[in-house]
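Participant: Got a structure here, written out as structure tokens. Questions coming.
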Amino acid sequence: MYEGPVQDLIDELGRLPGIGPKSAQRLAFHILAADAEDVLRLAATLKLVKDTVRFCEICFNVSEETQCRVCRDPRRDPAIICVVEESKDVVAVERTREFRGRYHVLGGAISPIDGIGPGDLNIRELCQRLADGVVTEVILATDPNLEGEATATYLSRLLIPLGVKVSRLASGLPVGGDLEYADEVTLGRAFEGRRYVTT
């Protein structure tokens with residue numbers, strides 16, 4: 001244990017996701033050794049983010065305005081919504097340059113162990129977006145883990161009766177991977193999502 005502000009800094013850094021006690025200590029001592037200008041720039045950036053960044057009023061993606069750039073873009077197809085867990089997932093999908101619709105960020109995934117239920121996510125708002133009949137397809141792009149699968153199953157059961165087409169991103173073998181190293185679930189998904197070859 002360290003004295004006063006140093007220990008407070010370690011404790012605060014340790015509260016960040018993915019930062020354990022050792023990493024928090026290493027980061028704290030890096031900050032202590034850094035130039036004062038670098039530390040002040042970091043502090044100013046953190047304050048700026050908290051003061052100016054908000055969530056889009058339509059899709060809940062991060063934005064500096066009331067609507068994010070995707071929701072403001074008239075070239076995006078309003079009939080297709082890709083549902084993701086977090087804003088970082090929007091960036092991942094955008095990098096593919098394959099999707100030209102709009103997004104809806106849930107703000108997490110259903111996880112009873114963590115005390116996160118459907119009411120804690122932006123699911124009600126998603127249903128409100130479907131009410132006007134403009135949206136014809138919802139693509140579920142939740143993570144391929146237990147929580148993501150539970151969320152996708154819940155959303156499928158909720159959305160299909162509303163008359164929209166619901167699809168799920170395919171999952172399976174990674175490009176460049178070896179079949180022998182694939183786990184059973186991944187290999188099973190690859191078989192389920194197989195495509196027929198045409199000449």
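Participant: Any idea how many residues of the range 86-112 are farther than 20 Å from ALA131 by Cα, crowded, with 18+ Cβ neighbours inside 10 Å and in contact with a helix residue (DSSP H, G or I) (Cβ under 8 Å, 6 or more places away or on another chain)?
Facilitator: 3
Participant: In this structure, does VAL83 turn out to be closer than 20 Å to CYS71 by Cβ and surrounded by 13 or more Cβ atoms within 10 Å (Cβ to Cβ)? Break it down stepwise before answering.
Facilitator: Details: closer than 20 Å to CYS71 by Cβ: yes; surrounded by 13 or more Cβ atoms within 10 Å (Cβ to Cβ): yes.
So VAL83 passes the test.
Participant: Could you pull out the residue among THR153, THR136 that is in contact with a strand residue (DSSP E or B) (Cβ under 7 Å, 6 or more places away or on another chain), closer than 24 Å to CYS59 by Cα and of a type in the set (S, T, N, Q)?
Facilitator: On the way: THR153 fails: in contact with a strand residue (DSSP E or B) (Cβ under 7 Å, 6 or more places away or on another chain).
Being in contact with a strand residue (DSSP E or B) (Cβ under 7 Å, 6 or more places away or on another chain), closer than 24 Å to CYS59 by Cα and of a type in the set (S, T, N, Q) holds for just one of THR153, THR136, which is THR136.
Participant: Modelled with pLDDT under 95, within 21 Å of the chain's Cα centre (by Cα) and of a type in the set (A, V, I, L, M, F, W, C) - does that describe any residue in the range 177-199?
Facilitator: no
Participant: A further question on this structure: I'm checking my understanding of the structure. Among residues of the range 26-76 that are in a helix (DSSP H, G or I) and among the small types (Gly, Ala, Ser), which one is surrounded by the fewest Cβ atoms within 10 Å (Cβ to Cβ)?
Facilitator: We begin by selecting, within the range 26-76, every residue in a helix (DSSP H, G or I); these are 26-33, 36-52, 69-72.
Pick out the ones that are also among the small types (Gly, Ala, Ser) and you get 28, 33, 36, 43-44.
Values: ALA28: 21, ALA33: 9, ALA36: 7, ALA43: 11, ALA44: 10.
By that ranking, first place goes to ALA36.
Participant: I would also like to ask the following. Considering only residues that are touching a residue at least 24 places away in the same chain (Cβ under 8 Å) and among the basic types (Lys, Arg), look in the range 156-179 and name the one that is nearest to LEU140 (Cα to Cα).
Facilitator: For the range 156-179, the residue satisfying everything is ARG168.
Participant: Checking ARG124 against (1) at pLDDT below 95; (2) assigned by TED's automatic domain parsing to the domain that holds ALA79; (3) loosely packed, with under 11 Cβ neighbours inside 10 Å; (4) of a type outside the set (Gly, Ala, Ser), which test does it fail?
Facilitator: (1)
Listed here are the residues, each with its yes/no results for (1) at pLDDT 95 or above; (2) not hydrophobic (A, V, I, L, M, F, W, C).
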| position | (1), (2) |
| --- | --- |
| PRO21 | no, yes |
| ILE58 | yes, no |
| ASP73 | yes, yes |
| CYS82 | yes, no |
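Participant: Assuming PRO161 fulfils every condition listed in (1) modelled with pLDDT of 80 or more; (2) within 19 Å of the chain's Cα centre (by Cα) apart from one, which condition is it?
Facilitator: If we test PRO161 against (1) modelled with pLDDT of 80 or more; (2) within 19 Å of the chain's Cα centre (by Cα), just (2) comes out false.
Participant: State whether the residues of the range 94-111 include one that is out of contact with any strand residue (DSSP E or B) (no Cβ under 8 Å at 6 or more places or on another chain) and assigned to a strand (DSSP E or B). Steps first, answer last, please.
Facilitator: Keep residues of the range 94-111 that are out of contact with any strand residue (DSSP E or B) (no Cβ under 8 Å at 6 or more places or on another chain), which gives 94-98, 107, 111.
Subsequent filtering for residues that are assigned to a strand (DSSP E or B) retains 111.
So far as the range 94-111 goes, yes, one or more of its residues are out of contact with any strand residue (DSSP E or B) (no Cβ under 8 Å at 6 or more places or on another chain) and assigned to a strand (DSSP E or B).
Participant: List every residue pair whose Cβ atoms lie under 6 Å apart, where the two residues are 6 or more positions apart in sequence or sit on different chains, the first residue falls within the range 182-197 and is not assigned by TED's automatic domain parsing to the domain that holds LEU146, and the second residue, located anywhere, is of a type in the set (Ser, Thr, Tyr) and modelled with pLDDT under 80.
Facilitator: ARG189/SER171
The values are calculated or read from the model by the stated rules, or taken from the named source; none is laboratory data. On a predicted model such as this, the values are computed, not experimentally measured, just so you know. Positions of Cβ are generated from backbone atoms using ideal geometry, with glycine treated the same way; all protein chains shown enter the neighbour counts.
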